[in-house]
Amino acid sequence: MAYSRVTRTANGRGAIEYAQGKGKGHNGKENRNEYIGMVNMFDGMDPITQMQKYWMRAGKNHTTQVLRIVQSFSKNELDSQNRNDILTANEIGMEFAREFYPGRQSIIFTQTDGKSGLIHNHIIVNDVHMQTSKGCKNNQYYWPNITKWTDKVASRYFELDDGKENYGYYSKITQMERVKKDKDTYSWKEDIRERIAKSAFNVTSVDVFFKNLEENGVGIRKGKSKKYGAYYTYELKDLSNVPEGTKLPNRALKSRSYKLGKVYSPYELNDFFKDNLQEQQEAEAKRKEEEARIESEAKRKVEEERKKQEALEEEQEEQRQKALRKEKVDTRTQRQKDVDDIWQRVQEKMAKEREEARREAERREKEQLEKEVEKPAQIKVEKVIDYSKKINLNADKKEVEEEKRHGEKMQSTMKEEQKRFLGNRVKSGRNSDLIKKQEALMQDALRLQIEDAQDKGIDYGY
């Protein structure tokens, strides 16, 4: 198990300059740093200048500039006389920084100039995030986490050693406790520490922490001293973990927080609870944001499906309307065709009927014309005969004169009739046989009249 510790400082420049050294190493060693690794930084450029850029972006109340993390490895884990082991330590520090401090600048100084000569890393982590400008979360500078993370990464390179060099600065362990730990025997103070860590896990307030302590068999009381300020006094009340035959002090198993370690003090725990609360709030905000995103995505998909469905329905409706319009056009075309066919048949029928009517009219007209031609001629002949008889019966001169005048009138009438019939022949141009027949009847009538008049001695001037 590698030894580790962590502190925070507002003097980032001083922290980097201390780790860099002034050319010479500590304790008379020639070199201060065996290897220097960088994460999210440019090699060959001043690291202070590179970090200063982000320190200037921090908020007014953001005073911490860097975290100072120390990782020390026992001789059983890494040999300071082996250059490959020294390089391995530097690689462990860089992997640690990349994995647990993403988005932050880090410098890893690997050294062997301590009194013990052990290989150790000084890791300087910029407390100002490169994208968000936020500081490290509480769990990123909580010493038990640093120890756990260091062991997690180191175990990938070698088997961890559980030697005394691994005991931490933040957890104050007495010599007696170290002996007990090495012998794997029970320590009531270590029992209290484990119960405190369990009670503080994911806690966001002091009240909940006190309640958890009570449930885990640890009493707590607040106190204050001039030297240490506010502190807690923890008392182990539940002795169920004490093995049989273990000797315990003949007093209450109490210990003040500053004797157990810095992380158990009210200030550190309050900061831890605040960071837990902030972390939970951020997690809750992310959860709600994710839920909102999922809900929004679901709504978007539903809306897309609705629009697709509407588009499909519109397309189907348009196709249906198009089909209806085509059907109407086809129906209208068929109807128009039917109407045209009917109208054509009607026209043909009407034309046939007109033709038949015309022929019938011509036939009737012909019959009427024949009657009209024959009737006047017959009447006129009969009248002439009647007049002739009268002339024969009345032989006196007066009657002869009157008969003569009447004959002249009849002659004039017959001429007019002849002209009329001749005119009708010219205008109509119809049946020439009928006209010839009419003319013959007229000539016969005139001939009979003249002959009758001559027999009576009447001269009409023909």
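On the accessible surface of region 191-341, probed at 1.4 Å, how many percent belong to carbon and sulfur atoms?
49
Tell me, what is the per residue accessible area of region 278-363 in Å², probe radius 1.4 Å?
93
If packing is taken as the average count of other Cβ atoms within 10 Å, what order do 128-136, 201-209 fall into, highest mean first?
Per-residue Cβ counts within 10 Å, averaged per peptide and sorted highest first, yield 128-136, 201-209.
Per residue, how many Å² of accessible area does region 1-136 show with a 1.4 Å probe?
For region 1-136, the solvent-accessible area averages 48 Å² per residue.
Where the centroid of each part is defined by its Cα atoms, how far is region 223-254 from region 293-329 in Å?
75
Based on the mean of other beta carbon atoms within 10 Å per residue, what is the order of 88-97, 8-17, most packed first?
88-97, 8-17
For the pairs Lys198/Lys299; Lys137/Lys247; Lys211/Lys247; Lys198/Lys227; Lys254/Lys288; Lys137/Lys288, flag any whose C-alpha to C-alpha distance is greater than 32 Å.
Violating the 32 Å Cα-Cα cut-off are Lys198/Lys299; Lys137/Lys247; Lys254/Lys288.
Using θ = phi - 60° and the Karplus form 6.51 cos²θ - 1.76 cosθ + 1.60, what ³J(HN,Hα) does each residue of region 88-93 get, whole Hz, x for Gly and Pro?
Result, ordered by residue: 4, 4, 5, 5, 4, x Hz.
Of the listed peptides 327-335, 144-152, 76-84, what is their order by residue-averaged count of other C-beta atoms within 10 Å, with the highest listed first?
144-152, 76-84, 327-335
Under 20 Å from the 7 Å Cα→Cβ point of Arg156, by amide nitrogen: which residues of region 1-17?
In region 1-17, the label zone of Arg156 (backbone N under 20 Å from the point 7 Å along Cα→Cβ) covers 1-5.
The values are calculated or read from the model by the stated rules, or taken from the named source; none is laboratory data. What you are looking at is a predicted structure, and each value in this text was computed from that prediction instead of being measured. Backbone-built Cβ (ideal geometry, glycine too); neighbour counts: all protein chains shown. Side chains are part of the model used for accessible areas, which takes the heavy atoms of the whole protein and leaves out ligands, DNA and RNA. Shrake-Rupley method; radii C 1.70, N 1.55, O 1.52, S 1.80 Å.
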